[in-house]
Structure formats: structure tokens, C-alpha cells
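Data first, discussion second: the structure below is written as C-alpha cells.
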Amino acid sequence: MGSASFPVRLARQEDVPKLPVIERSAAQLFRQLPALAFLAEDGASLSEAQHTACIVQGLCWVGVESAGKPCGFLSAEQQGSDLHILEVSVEIRAQGAGLGRALIQHACAEAKARGMARVTLTTFRSAPWNRPFYERLGFCVVSSAKNETRLTENVRQEEISGLPPGSRCAMVKMV
């Protein structure tokens, strides 16, 4: 599975150093939004150790160019009975070619194959390439309802870590 231009495969340990580079490239898009432009200057949100943990669990995938070089990735972890997407990033030069969609579809298929009921994530509410993108892929914004304590806590922790209060939302897709 993958986009026509970028096949998707499981990430390997030798891919780990490339993943933060991809994430920093993808973050350059945030320069368009003054309130979030700082993200283009910050380091990657996931450490190499976090990516390695996702790889060990078989929950990190990369989209590769024809030469086999990763140009996008999705790292996730199991949280309860859900697959929680920690990060999806596509190099800025490869954006718009369907790789992000392919990575999400791949993760959803894997979650279903593993018997998980849902795929969850947190994202920016107002960035046009975030929440609306995930909505087009079947994700729904969840409120801070009692039964979504984990997701509400994820958003709260992101705000404590420095993201603007109220800028994030949790999303869910049934698989």
C-alpha cells in the first residue's frame, strides 16, 4: 500500500536518523501561520528513542522515493485498545502527492488487522492541512467528554509542553 509515487513500508532502525529531518522539513509549512510559525524553528517533536520504540512495535511506516529514501513517515503507539498516531510528517517537497493519505490509510488498516477499534490523534484545529485533512479521511473531532479522558489528557499535556492553549483537538476514526 502507498501512493502511486511513494510506496509505504515498515520503518527500519537505519531510517531513524532521517525521521526528525523529515519532520523539520514538514514543519516549514507552519511559517504560513504567524501563531504557529515557531514550529518551523523548533526541533522535531519525537525523539529518535520514541521512533525506535514505534519501530520495535511495528508501528512506524515510511513512504519512500524510487531510490528507497524515506520522504515521509507515520509513528504510532498502542494506547489501550486504540492505535494513537504520534506524528505524521511528509517532506515539504513531497507534500500534496498523496503520501500523507497513504500513511494514514496504512495505519488504519494495521489497526484493524490488530483488532483495534479506533485510530486516534491530536492535531491543530485551525491549520488547513491538519484538522480538515483528517476529517476528509474520516476522523471526527471529539469533545472533552468523560469517556475520552486519555485524549483530553494528551491535548492538555501538549499545551503544558508549550503549544498554544485551545489550538489542539483530539480526533478519532473507527476502524
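Numerical summary
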| quantity | calculated |
| --- | --- |
| Qualifying residue in the stretch 53-69 (condition: surrounded by 18 or more Cβ atoms within 10 Å (Cβ to Cβ), under 11 Å from Glu23 (Cβ atoms) and not aliphatic (A, V, I, L, M)) | no |
| Residue that is modelled with the lowest pLDDT [pool: residues in the stretch 1-27 that are surrounded by fewer than 16 Cβ atoms within 10 Å (Cβ to Cβ) and in a helix (DSSP H, G or I)] | Val21 |
| Every residue from the stretch 107-145 that is under 27 Å from Ala40 (Cα atoms), in a helix (DSSP H, G or I), of a type outside the set (D, E, K, R) and in contact (Cβ under 8 Å) with a residue 12 or more places away in the chain | Ala107, Phe133, Tyr134 |
| Selection status of Leu74, more than 13 Å from Asp15 (Cβ to Cβ) and either touching a Gly at 6+ places or on another chain (Cβ under 7 Å) or modelled with pLDDT of 95 or more (or both) | no |
| Condition met for Ala40 (surrounded by fewer than 16 Cβ atoms within 10 Å (Cβ to Cβ) and out of contact with any strand residue (DSSP E or B) (no Cβ under 7 Å at 6 or more places or on another chain)) | no |
| Identity of the residue in the stretch 147-175, surrounded by fewer than 16 Cβ atoms within 10 Å (Cβ to Cβ) and touching a residue at least 24 places away in the same chain (Cβ under 8 Å), that ends up farthest from Arg125 (Cα to Cα) | Met174 |
| Subset of the stretch 25-50 that is of a type in the set (D, E, K, R) and free of Cβ contacts under 8 Å to residues at least 24 places away in the same chain - its residue that is nearest to Thr122 (Cα to Cα) | Asp42 |
| Test: residue in the stretch 83-96 that is touching a helix residue (DSSP H, G or I) at 6+ places or on another chain (Cβ under 8 Å), assigned to a loop (DSSP other than H, G, I, E, B) and at pLDDT 95 or above | yes |
| Test: residue in the stretch 47-69 that is of a type in the set (A, V, I, L, M), under 21 Å from Ser167 (Cα atoms), assigned to a helix (DSSP H, G or I) and out of contact with any Leu (no Cβ under 9 Å at 6 or more places or on another chain) | no |
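The values are calculated or read from the model by the stated rules, or taken from the named source; none is laboratory data. What you are looking at is a predicted structure, and each value in this text was computed from that prediction instead of being measured. In this analysis, Cβ positions are derived from the backbone assuming ideal geometry, glycine residues included, and neighbour counts consider all displayed protein chains.
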